[in-house]
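Q: Got a structure for you, questions after.
The values are calculated or read from the model by the stated rules, or taken from the named source; none is laboratory data. Everything quoted here is computed from the prediction, not taken from an experiment. Cβ atoms come from the backbone with ideal geometry, glycine included; neighbour counts cover every protein chain shown.
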Amino acid sequence: MRIAGILLRHEGRLLVSLVLWLTRRRHGIGDGDDGQAFGYARGQGSTMFAFAFVCLVETVAMFVLLRSWPIAHWTVLVLDVYTIEFVLGLHAASVVRPHVLDLNSRSLRVRHAAHVDLSIPLEKISTVRRELRLSHQRTEGELNLPIGSQTTITLELTEPVAHFTFFGRRQDIRVIRFHADEATELVRALRAVMPERTVPPPSRVLPS
């Protein structure tokens, strides 16, 4: 039941994202909010639409081929329509749920479609840099959120933040890699509002 509830909530977020996408609105970004949004879905749009088109062609073909078998006909039709809705919902969620630099709460909200929404206090960010990575290995304490197999920004934290996976498992994260379409602008905006950190001078060795 718990897993079913998680899947239903995720499906609900995809449907809400589709509505927001069709009405050209964004989740978590209001007109009066003192937040700056940074998208990350530009690079995957053509791939997702191509996949949805292939699914549509398959739906039409199976609709014609299976019309003599009513049960199989309607079963496959429902599954194919759901697949198209799921693909479009994933893309919509990526579009309407951008990363948000929120100056009111002094946090960076890192998101990935409808299944990752991690708020990072600015005071916990040690360093931020523009870094292109095309491969990622699973490492304890690191969270990688690639788009099109690439990440363009790396955050290192002064202390861990709690991240919960899709099925609710807790992970303590110290390094976060994610993609932003305007990565340079996001890095610059972050550095402008991050608290200054005093680096202690190197210790001197006194002569004996």
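Q: Of the residues Gln171, Gln137, which single one is farther than 19 Å from Gln36 by Cβ and touching a Phe, Trp or Tyr at 6+ places or on another chain (Cβ under 8 Å)?
A: After ruling out the rest, the residue left standing is Gln171.
Q: It is to be established whether one or more residues within the range 72-95 are in a loop (DSSP other than H, G, I, E, B) and not charged (D, E, K, R). I'd like the intermediate steps shown before the answer.
A: Taking the range 72-95 and keeping what is in a loop (DSSP other than H, G, I, E, B), we get none.
Checking the range 72-95: not a single residue is in a loop (DSSP other than H, G, I, E, B) and not charged (D, E, K, R).
Q: Oh, and also: Quick one: Ala113 ticks every box in (1) small (Gly, Ala, Ser); (2) more than 17 Å from the chain's Cα centre (by Cα); (3) within 21 Å of Pro98 (Cα to Cα) bar one, so which box is it?
A: (2)
Q: Let me ask something additional. Pick from the range 1-26 the residues that are assigned to a loop (DSSP other than H, G, I, E, B) and modelled with pLDDT of 90 or more: which of them is surrounded by the most Cβ atoms within 10 Å (Cβ to Cβ)?
A: If we take residues in the range 1-26 being assigned to a loop (DSSP other than H, G, I, E, B) and modelled with pLDDT of 90 or more, then Arg26 is surrounded by the most Cβ atoms within 10 Å (Cβ to Cβ).
Q: Being modelled with pLDDT under 95 and in contact with a strand residue (DSSP E or B) (Cβ under 6 Å, 6 or more places away or on another chain) is true for just one of Arg138, Arg133. Which residue is that?
A: Arg133
Q: Select from the range 91-108 the residues that are basic (Lys, Arg) and modelled with pLDDT of 95 or more and list them in ascending order.
A: Looking only at the range 91-108, we keep the residues that are basic (Lys, Arg), and these are 97, 106.
Arg97 - this is the single residue of the range 91-108 that is basic (Lys, Arg) and modelled with pLDDT of 95 or more.
Q: Further question on the same structure: Any residue at all in the range 39-50 that's aromatic (Phe, Trp, Tyr), modelled with pLDDT of 90 or more and part of a strand (DSSP E or B)?
A: No; the residues of the range 39-50 include none that is aromatic (Phe, Trp, Tyr), modelled with pLDDT of 90 or more and part of a strand (DSSP E or B).
Q: Checking Arg197 against (1) modelled with pLDDT of 90 or more; (2) farther than 25 Å from Ala41 by Cα; (3) not aliphatic (A, V, I, L, M), which single condition isn't satisfied?
A: Answer for Arg197: the failing condition is (1).
Q: If we keep just the residues of the range 62-93 that are free of Cβ contacts under 8 Å to residues at least 40 places away in the same chain, of a type outside the set (Val, Ile, Thr) and within 30 Å of Arg25 (Cβ to Cβ), which is surrounded by the fewest Cβ atoms within 10 Å (Cβ to Cβ)?
A: The residue in question is Leu79.
Q: Among strands (runs of 3 or more DSSP E) lying entirely in the range 118-200, which contain 1 or more residues that are outside the structural domain of Arg9 (by TED's automatic domain parsing) and surrounded by fewer than 14 Cβ atoms within 10 Å (Cβ to Cβ)? Quick ask: steps written out before the conclusion?
A: On the way: elements: 125-133, 142-145, 151-164, 170-178.
Counting at least 1 such residues, we get 125-133, 151-164, 170-178.
Q: For the range 124-176, give me the residue count where each residue is small (Gly, Ala, Ser), on the phi < 0 side of the Ramachandran plot and touching a residue at least 60 places away in the same chain (Cβ under 8 Å).
A: Counting residues in the range 124-176 that are small (Gly, Ala, Ser), on the phi < 0 side of the Ramachandran plot and touching a residue at least 60 places away in the same chain (Cβ under 8 Å) gives 1.
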